[in-house]
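The values are calculated or read from the model by the stated rules, or taken from the named source; none is laboratory data. Owing to the predicted nature of the structure, the values given are computational and were not obtained by experimental measurement. Cβ: placed from backbone, ideal geometry, glycine included. Neighbour counts: every protein chain shown. The accessibility values were calculated without ligands, DNA or RNA, using every heavy atom of the protein model including side chains. Shrake-Rupley method; radii C 1.70, N 1.55, O 1.52, S 1.80 Å.
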Amino acid sequence: MTFLAEVPKSETQSCPAAQKREAAPVNPVAILLPDEAAPGTGQVLADLLMAANEVIAEARYDVSILRLSDFNHLTHGRQQRSMCIFLGDIRNRWRLGAGDRAALQSLLRRCQQPVVVGGAVFLLREAGLFGGQALAVHANFAAAAEEEALLSAEAGAQYRLADPVHSAVSPLATLRLLLALIGREYGEFLANALGEYVGLNAGDTRFQSKAALEILQRAGGDNLIEKSLQLMQQHIEEPMSICELARQQGVSTRKLQRRFRDCTGSGPQTAYRQLRIERAQQLLIHTSMNVYEIVAATGFGTRSNLSRWFHKQLGVSPQAVRRNAYCEAESARALAS
């Protein structure tokens, strides 16, 4: 099921009742590296796709990072891939090792969306496939590409979406390419929101809230609900009444409540509480504030009220969230030492 992300222009436009979504199919993605690639290469691309899983309800990317020379020896090397990213860099031409040609040809033929990056553009020539395809070519490789009759995209193109092969001039440009592909699949609104969530796009911080994004997705990008969520996030410490929230947007309380119920399946008070619980969870995990300070910072009034809603929404206590965060941090420090 694809989410259409056009935000309605009119605040009076109604939206259908929230429906239960079927589980979306998994999209297997392979990030393929040359043998000389440094450890950690490709992780930033994997992080972007994993973030998409967090903030886009239908996204289910399963990412593997592998060296091309290892791919033939692995069982999942014979599996169908929705996307294969051949991640070259901007300094070195990707040259095939002995025995890699067959693996390359198989991957390019079987993958639904091959992507060649940087020095990987020359792999198409080595595989003898997709001749005549216009590619985004980094300036470092422009002369060699021309010499080998590779067709370059228009000057200044950082990436190019084109069937059957996508291309990007560098690993960093590949992040933009992936956002463009996500926009094509799930809508421009969610792609832009994802870019803001991970810090690729400049924008307002409401899109750095997973709870707000999830509510807005269920609402189909409804404009009144979007503005309500923005106001809620600006008033976490001292929550506004629903009457005041409606008044500031020039609508009746009843209209605001009905819009939330019709579009999200629950009322504005429930959405507000989700945002405040999310903020409290972030403060417990990422700060040294005590529970009473967090109660004050999220408008829950009392420690018992915060604990009650944590148990109801998350199934754990605030103290358990902090203990788990502390244990994970200690484990990470121990591994790093």
Per-region count, segment 221-236, residues assigned to a helix (DSSP H, G or I), of a type in the set (A, V, I, L, M, F, W, C) and closer than 23 Å to ILE294 by Cα
3
Filter pass, SER288 being outside any helix (DSSP H, G or I), of a type outside the set (A, V, I, L, M, F, W, C) and at pLDDT below 90
yes
Go through the residues of segment 33-45 one by one and say whether even a single one is open to solvent by 10 Å² or more (accessible area, probe 1.4 Å), at pLDDT 90 or above and over 18 Å from LEU175 (Cβ atoms).
yes
I need the full set of residues from segment 182-206 which are more than 17 Å from LEU49 (Cβ to Cβ) and either open to solvent by 40 Å² or more (accessible area, probe 1.4 Å) or at pLDDT 85 or above (or both), in order please.
GLU188, ALA202, GLY203, ASP204, THR205
Within segment 156-171, of all residues that are assigned to a loop (DSSP other than H, G, I, E, B) and of a type in the set (S, T, N, Q), the one least open to solvent (accessible area, probe 1.4 Å) is SER170
Residue count for segment 93-142, restricted to those that are assigned to a strand (DSSP E or B) and open to solvent by less than 10 Å² (accessible area, probe 1.4 Å)
5
Could you tell me whether ILE285 is over 25 Å from ILE225 (Cα atoms) and among the β-branched types (Val, Ile, Thr)?
yes
When you go through (1) in contact (Cβ under 8 Å) with a residue 12 or more places away in the chain; (2) within 20 Å of ALA212 (Cα to Cα); (3) open to solvent by 60 Å² or more (accessible area, probe 1.4 Å); (4) not hydroxyl-bearing (Ser, Thr, Tyr) one by one for ILE242, which number turns out not to apply?
(3)
